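The values are calculated or read from the model by the stated rules, or taken from the named source; none is laboratory data. Fair warning: this is a prediction, and the values are worked out from it, not measured in the lab. Here the Cβ positions follow ideal geometry from the backbone for every residue, glycine too, while neighbour counts run over all protein chains shown. Calculation scope for accessible area: heavy atoms of the full protein, side chains included, ligands and nucleic acids excluded. Shrake-Rupley method; radii C 1.70, N 1.55, O 1.52, S 1.80 Å.
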Amino acid sequence: MVTNTPATRPANPRFSSGPCAKPASWTLDALADAPLGRSHRAAVGKAKLKDAIETTREVLGIPSDYKIGIVPASDTGAMEMAMWSLLGERPAEMIAWESFGAGWVTDVVKQLKIEANVRTADYGEIVDMTAVDYNKDVVFTWNGTTSGVRMPNGDAIPADRKGLTICDATSAAFAMDLPWDKLDVTTFSWQKVLGGEAAHGMLILSPRAVERLESYTPAWPLPKIFRLTKGGKLIDGIFSGATINTPSMLCVEDYLVALNWAKEQGGLKGLIARADANTAEVTKFVEAHDWIEFLAADPAIRSTTSVCVKFTDDRIQDGAAFAKAVAKRLENEGVALDIGAYRDAPAGLRIWCGGTIESSDVAALMPWLDWAFNAEIEAQ
């Protein structure tokens, strides 16, 4: 029998894994100070961009000698800028445990044609990072947005490594504690954990990465949009507010609003606590029901932002069709939007639990998940 329709609905049904929900307090009025119609090269534009860079440093605890740049094309642009500019000086270790990591493998192996050792793990699992050769350049994702798997820590990365570590941290930054001394290049996008607007990426470089940029020239031509050096020296303006191309000052303002909200939540520790609390609501539900499991079986590597679950009931005849039907029921009821599993991932649901989500909304969603599951079982 189908259970009764739950009485409580999430106040915000937006559980998308990107673009992600904005904070509950967000309004369009918060963007009133955006310098629209002004050049990003004018003093007001440069000041806003510099503020975005330095507030990012403050909230994430990025060391003062690391460079932070705002770049085009979201996290993808930042990662490709890093790989095309830095790789090739030595062999690479390519680490992939979900679709975006696999995309970086394609860039390096098929496009740049760099000598590379490729290490992969199935969805829900992770590569043994202690087996990686860190004298090579290592490219990996910190949090698998499409797999619900994350690095538990950076302990496997040695301090005396010869190669660079290039980390796609787009669903981890502002929700997980990133060990900056273990990361030479780090990227993320505004549209993820803080719910910013799309198309802007962040590129963070350690002193070791800067040294590589200034001492090594790739064998392939670099498009203008990828060029981080001029005359063998870092283009420092990129990391102080003079962007490579024209940014949206409306998006910059939105990011500043999100950063200030993050500070009000207690900074990084507060944001981590919010994501942990949201994930705990899903964990309680999964542990109480025998027809659903996390895609990542090991809690130590389970994401606290892109939380992926799968249905395990023997009565389900077509797993992919069933999961899509459950997601559609929840969307039709207006209680959960955009929570289907990523197209390349195993069938299931993906519930965003980053800090902009309220734990009360996650808690309110869980009875609806029970309702939708039972309704779809009966409909088969």
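Numbers at a glance
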| read-out | value |
| --- | --- |
| Spin-label model distance (nm) - residue 7 vs residue 57, 7 Å beyond Cα toward Cβ | 5.3 nm |
| Prolate/oblate/rounded label for segment 181-257 (Cα gyration tensor, a/c 1.5) | prolate |
| Radius 13 Å from Cβ of residue 41, net charge of other residues (Lys, Arg +1; Asp, Glu -1) | +4 |
| By average C-beta atoms within 10 angstrom, highest first, the peptides 216-227, 39-50 | 39-50, 216-227 |
| Dipole-positive endmost among 193, 62, 337 within the chain (Cβ charges, Cα centre) | 62 |
| Segment 20-39 residues near the modelled residue 273 label - backbone nitrogen below 12 Å, point 7 Å along Cα→Cβ | none |
| Segment 251-309, dipole about Cα centre (Lys/Arg Cβ +1, Asp/Glu Cβ -1), debye to the nearest 20 | 220 debye |
| Around residue 282: net Lys/Arg minus Asp/Glu count, Cβ-Cβ under 13 Å | -2 |
| Fraction of beta bridges assigned by DSSP in the chain that are antiparallel (%, nearest 5) | 60 percent |
| Efficiency of FRET between residue 375 and residue 283 - r from beta-carbon atoms, R0 22 angstrom, step 0.05 | 0.40 |
| Fully extended contour minus Cα-Cα distance, from residue 64 to residue 28, at 0.36 nm per residue | 9.7 nm |
| Check: the chain dipole with +1 on Lys, Arg Cβ and -1 on Asp, Glu Cβ, in debye | 1340 debye |
| Student exercise, segment 167-251 dipole from Lys, Arg, Asp, Glu Cβ charges, in Debye to nearest 20 | 300 debye |
| Apportionment of accessible area to carbon and sulfur, the chain, percent (1.4 Å) | 49 percent |
| Shape call, segment 151-279: gyration tensor on alpha carbons, a/c limit 1.5 | oblate |
| Anisotropy class of the chain from Cα gyration tensor, a/c 1.5 cut | oblate |
| Per-peptide average of other Cβ atoms within 10 Å, ordering 241-247, 112-118 highest first | 241-247, 112-118 |
| For the chain, with +1 on Lys and Arg beta carbons and -1 on Asp and Glu, the positive-most of 30, 240, 312 along the dipole | 240 |
| Accessible surface, the chain, averaged per residue in Å² (probe 1.4 Å) | 41 Å² |
| Distance (nanometres) between label positions extended 7 Å along Cα→Cβ at residue 89 and residue 111 | 2.1 nm |
| Taking the chain and dividing mean pair separation by its residue count, relative contact order in percent (alpha carbons under 8 Å, at least six apart) | 27 percent |
| DSSP beta bridge pairing in segment 111-246, given as percent antiparallel to the nearest 5 | 55 percent |
| Extension reserve of the residue 224-residue 160 stretch, reckoned as 0.36 nm per residue once the Cα distance is removed | 19.7 nm |
